[in-house]
Amino acid sequence: METQTVLLIILAAIVALGLVLFQYHYKSKKRGKLGLWLSFLRFIAWFGAFLLIINPEFSKNSYTLEKAALFVLVDNSTSIEGDEAKERLQHIKASSALSDKFNIQYHSFGNQLNVHDSLSFKEKNTNVSKALNTVQSIAGGTNKAVVLITDGNQTVGEDYEFFMKGNDTPIYTLAVGDTTTYEDVRIGQLNVNKYAFLKNKYPLEVYLNYEGDGTIAKTVTVTENGKAVYREEVRLSKTNNSTVINTLLEAGSVGLKNISVSVESLTNERNTTNNRRTAAVEVIDEKTNIAIVSEIMHPDIGALKKSIESNKQRAVSIRKPTASIADLEEIDLFILYQPTASFSSLYKYIKQKKANTFTITGPKTDWAFLNRIQNSFTKNSYEQAEETGPVQNGGFSIFNTDDFDSTDFPPLSTNLGDIIINTSHEVLLGQRIKGVELNQPLWAVLGTDLEREAILFGENIWKWRMQSYRNQQDFKNFDALMGKLIRYLSTNKPKARFTVDYESVYQGNNEAKLTATYFDEAFIFDTNATINVQLQNKDTGMTREIPMLLKGGYYEADFSDIPAGPYSFTAKVTNEGLSKSGSFTVLDFDVEQQFLSTDYKKLSRLAKNTEGNSFFSAQTNDLIQALVGSERFVPTQKSEQNIVSLIDFKFLLGIIVAALALEWLLRKYNGLT
């Protein structure tokens, strides 16, 4: 207790005593026992009241020892030698010295970090940088170290060698697997478009790598559906150990084309799995032509073009509103960017053609003209610029948007004003201005099955695409939504109660999934439906029935455990006459099997960059000793100070009330006023 508080208590006692003496003994002739009892009770009341005002407190310190944290991360991918990794892990777990010094957390990782419960070594991808980033997020600035048990071969994500540079978390790497360097020739990467158009040529890009001390000359062969369509001989050596082959292949017929690229094996080559890569190209005989019409230059136009053309079935051209009608005959969909009076003839053409449109407005939009030229919507613009953020509408049902996330999206620029939509519509995104949600649409889809239209009330949508990349390191979040909107606007088919979504080609079975949406007769999403997928392998005839599971606002069937090959499927809604059929191909490719040796050199550089250390599998004891003997991870003493009140307010208040009551009774009993 502080000295000041003690002095205040003493002062309170003196003042209380002084008040009692003044009240009961100053100029008073009563000196008997009754006077003493009444004085005592009044002193208790005064002193208690003063204690309530002072509220004396004292501090209590508690001390604890906090161990440093040790995160043990085990690579759970298919490229890892399972028995060796498990043995090293058990060796670490058995060390009592480590458990005495550290709070140890065990995790496995493949494409992402997982809580370690069992190791299967079946993960199809390795993302070391993501695992390390997750640890950094979990542990924050605590005193910690990381033990990384892996072969060092990463297949996705940022380059982990430089990822942790400058951080205060030392990483101790334990290299497992074969560290011997073997002579090897491999196809490092195969790039080809998913789609090609009939009678056109599509590009093929092949990266070839060689590891060895000699000079080799090998033939690279490209086949399409089993027929050789291209050959080239390449020469590689220790100094010239990589090359790129570029060629164009003819899309001669419609359908799925299985592309296989192979390179001749070396004599006694240990890993021939990476000598062959496969891909697939779907040749189609249709293309959606989309025109972005604008009289101004704006980053939105480039972002829209990039986003829409991420699907190669769509071609985007940029036109002026004064373009001739003959140039617009092949256009299937018009994107009207901030229309002004110069769009007058174009609107007449669109109305005559009954073409679908996507209108984007902003501060430069001529709303007087736009309200007059069309009847779908109006806006009473106040000509006052404002920034409005998106509010996602979970009830939007025209197409599935559950995989779209507008979190952290920056606001768009618009003009304030009341919006009235005159046709049937659904709001995709609402407006939020300065934290207040308005009953106004930001992005809406209008019209019927015969005439479809979309309207976005704001410019700078390019910022959303950039934010999508910032959030997820790719543009898929934004591009997928734009793709669904364009697909909806490009077709005038009646809205279906049951739809399925899938890729025609999957690069390995870990990506193979089919999603579906099902609506009841009132077109309300049905969360109680039973949907099953009948799957058949076209080559082997193998059939399976896989149930689709509810995933929020859609159903999903996971095909990650099926072997590679061509498949056909039929998805059916139980007790309903609704079904959808299709086909896809799962390519026989496991990127983890492309590596032969442990990349211990890269692991060593990672350890050095983070001021850790690198070890081989046989040096597990040395790793343990390095951690136990390091002075960087000594326990930290932490003190916690608790402020405790010296008095119980309710108890003291009860004493004061009791003292005053007893005093009153004694006075009344003895006839005193």
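For region 53-70, indicate whether the set of residues that are part of a helix (DSSP H, G or I), touching a helix residue (DSSP H, G or I) at 6+ places or on another chain (Cβ under 6 Å), without any contact (Cβ under 8 Å) to a residue 60 or more places away in the chain and outside the structural domain of residue 273 (by TED's automatic domain parsing) is non-empty. Yes, region 53-70 contains at least one residue that is part of a helix (DSSP H, G or I), touching a helix residue (DSSP H, G or I) at 6+ places or on another chain (Cβ under 6 Å), without any contact (Cβ under 8 Å) to a residue 60 or more places away in the chain and outside the structural domain of residue 273 (by TED's automatic domain parsing).
Restricting region 550-565 to residues that are part of a strand (DSSP E or B) and in contact (Cβ under 8 Å) with a residue 40 or more places away in the chain leaves a set whose member that is farthest from residue 400 (Cα to Cα) is 558.
For region 288-342, how many residues are over 21 Å from residue 372 (Cα atoms) and under 30 Å from the mean Cα position of the chain (by Cα)? Selection size over region 288-342: 19. Note on region 436-528: enclosed strands (runs of 3 or more DSSP E) holding 2 or more residues that are out of contact with any Ser or Thr (no Cβ under 6 Å at 6 or more places or on another chain), of a type outside the set (Asp, Glu) and farther than 30 Å from residue 560 by Cα are 436-447, 452-457. If you filter region 374-395 down to residues that are within 28 Å of the chain's Cα centre (by Cα) and at pLDDT 85 or above, you find that the one that is surrounded by the most Cβ atoms within 10 Å (Cβ to Cβ) is 388.
Residue count for region 563-586, restricted to those that are closer than 21 Å to residue 541 by Cβ and either surrounded by 13 or more Cβ atoms within 10 Å (Cβ to Cβ) or modelled with pLDDT under 90 (or both): 16. Screening 64, 78 for residues that are surrounded by fewer than 12 Cβ atoms within 10 Å (Cβ to Cβ) and β-branched (Val, Ile, Thr) leaves exactly one candidate, 64.
Restricting attention to region 250-271 and to residues that are more than 37 Å from the chain's Cα centre (by Cα) and outside any loop (DSSP other than H, G, I, E, B), the residue that is farthest from residue 504 (Cα to Cα) turns out to be 263.
The set of residues in region 317-340 that are under 28 Å from residue 381 (Cβ atoms), surrounded by 15 or more Cβ atoms within 10 Å (Cβ to Cβ) and among the polar types (S, T, N, Q) comprises 338, 340. Could you tell me whether region 549-560 includes any residue that is among the small types (Gly, Ala, Ser) and touching a helix residue (DSSP H, G or I) at 6+ places or on another chain (Cβ under 7 Å)? The answer is yes, given that some residue of region 549-560 is among the small types (Gly, Ala, Ser) and touching a helix residue (DSSP H, G or I) at 6+ places or on another chain (Cβ under 7 Å). Considering only region 405-425, I want to know if a residue exists there that is touching a Leu at 6+ places or on another chain (Cβ under 6 Å), surrounded by 19 or more Cβ atoms within 10 Å (Cβ to Cβ), in a strand (DSSP E or B) and modelled with pLDDT of 90 or more. Looking through region 405-425, none of the residues is touching a Leu at 6+ places or on another chain (Cβ under 6 Å), surrounded by 19 or more Cβ atoms within 10 Å (Cβ to Cβ), in a strand (DSSP E or B) and modelled with pLDDT of 90 or more.
Does residue 576 qualify as being assigned to a strand (DSSP E or B), over 24 Å from residue 282 (Cβ atoms) and not aromatic (Phe, Trp, Tyr)? Quick ask: steps written out before the conclusion?
Details: assigned to a strand (DSSP E or B): no; over 24 Å from residue 282 (Cβ atoms): yes; not aromatic (Phe, Trp, Tyr): yes.
Considered against the rule, which asks whether it is assigned to a strand (DSSP E or B), over 24 Å from residue 282 (Cβ atoms) and not aromatic (Phe, Trp, Tyr), residue 576 comes out as no.
Might you let me know whether region 511-532 holds any residue that is aliphatic (A, V, I, L, M) and farther than 28 Å from residue 402 by Cα? First the steps, then the outcome.
The initial filter retains those residues of region 511-532 that are aliphatic (A, V, I, L, M), namely 512, 514, 516, 522, 524, 529, 531.
The next check asks that each one be farther than 28 Å from residue 402 by Cα; those that pass are none.
Within region 511-532, none of the residues are aliphatic (A, V, I, L, M) and farther than 28 Å from residue 402 by Cα.
Of all residues assigned to region 538-545, none qualifies as being outside any loop (DSSP other than H, G, I, E, B) and crowded, with 17+ Cβ neighbours inside 10 Å.
Please verify whether residue 606 is surrounded by 18 or more Cβ atoms within 10 Å (Cβ to Cβ), in a helix (DSSP H, G or I) and within 27 Å of the chain's Cα centre (by Cα), treating the condition exactly as stated. So that I can check it myself, show each step before the final result.
Numbers: surrounded by 18 or more Cβ atoms within 10 Å (Cβ to Cβ): yes; in a helix (DSSP H, G or I): yes; within 27 Å of the chain's Cα centre (by Cα): yes.
Yes; evaluated as a whole, the condition is true for this residue.
Can you name every residue in region 202-227 that is basic (Lys, Arg) and surrounded by 13 or more Cβ atoms within 10 Å (Cβ to Cβ)? Correct list: 218 only. Residue 326: assigned to a helix (DSSP H, G or I), modelled with pLDDT under 90 and not charged (D, E, K, R), yes or no? In short, yes.
For residue 344, the conditions (1) surrounded by fewer than 18 Cβ atoms within 10 Å (Cβ to Cβ); (2) in a loop (DSSP other than H, G, I, E, B) all hold with the exception of (2).
Listed here are the residues, each with its yes/no results for (1) in contact (Cβ under 8 Å) with a residue 40 or more places away in the chain; (2) more than 30 Å from residue 388 (Cα to Cα).
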position: 456; (1), (2): yes, no
position: 471; (1), (2): yes, no
position: 477; (1), (2): yes, no
position: 515; (1), (2): yes, yes
position: 525; (1), (2): yes, no
position: 540; (1), (2): no, yes
position: 544; (1), (2): no, yes
position: 548; (1), (2): no, yes
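Close contacts from region 346-360, counting a first residue that is farther than 24 Å from residue 428 by Cβ and in the same structural domain as residue 443 (by TED's automatic domain parsing) and a second that is part of a helix (DSSP H, G or I) and modelled with pLDDT under 90, with Cβ to Cβ under 6 Å and a gap of 6+ residues or different chains, come to 349/325. Here residue 639 passes the criteria (1) among the small types (Gly, Ala, Ser); (2) buried (at least 20 other Cβ atoms within 10 Å of the Cβ); (3) in contact with a Phe, Trp or Tyr (Cβ under 6 Å, 6 or more places away or on another chain) except the one numbered (2).
Select, from 626, 618, 607, the only residue that is assigned by TED's automatic domain parsing to the domain that holds residue 87 and in contact with a Pro (Cβ under 9 Å, 6 or more places away or on another chain). Give the steps one after another, and end with the answer.
On the way: 626 fails: in contact with a Pro (Cβ under 9 Å, 6 or more places away or on another chain); 618 fails: in contact with a Pro (Cβ under 9 Å, 6 or more places away or on another chain).
Exactly one residue qualifies, and that residue is 607.
For the condition at pLDDT below 80, among the small types (Gly, Ala, Ser) and not in a helix (DSSP H, G or I), what is the one hit in 79, 28? Lay out the reasoning, then the answer.
Numbers: 79 fails: at pLDDT below 80.
Answer to the selection: 28.
If you go through region 249-265 and keep only what is among the small types (Gly, Ala, Ser), in contact (Cβ under 8 Å) with a residue 40 or more places away in the chain and out of contact with any Leu (no Cβ under 9 Å at 6 or more places or on another chain), you end up with 262, 265.
I'd like the full set of residues that are surrounded by 20 or more Cβ atoms within 10 Å (Cβ to Cβ) and either of a type in the set (Phe, Trp, Tyr) or not in a strand (DSSP E or B) (or both), limited to region 351-373. Explain how you work it out, then say what you get.
Here is the first cut: in region 351-373, the ones surrounded by 20 or more Cβ atoms within 10 Å (Cβ to Cβ) are 356-362, 365, 370.
Across region 351-373, the qualifying residues are 358, 362, 365, 370.
Among residues of region 225-249 being in contact with a Gly (Cβ under 9 Å, 6 or more places away or on another chain) and assigned to a strand (DSSP E or B), the one that is nearest to residue 504 (Cα to Cα) is 242.
Considering only helices (runs of 4 or more DSSP H) fully contained in region 91-170, which possess at least 1 residues that are closer than 14 Å to residue 73 by Cβ and at pLDDT 90 or above?
Values: elements: 96-101, 128-139, 160-163.
Once the helices (runs of 4 or more DSSP H) in region 91-170 are filtered for at least 1 residues that are closer than 14 Å to residue 73 by Cβ and at pLDDT 90 or above, what remains is 128-139.
The values are calculated or read from the model by the stated rules, or taken from the named source; none is laboratory data. Owing to the predicted nature of the structure, the values given are computational and were not obtained by experimental measurement. Virtual Cβ from ideal backbone geometry, glycine too; neighbours counted across all protein chains shown.
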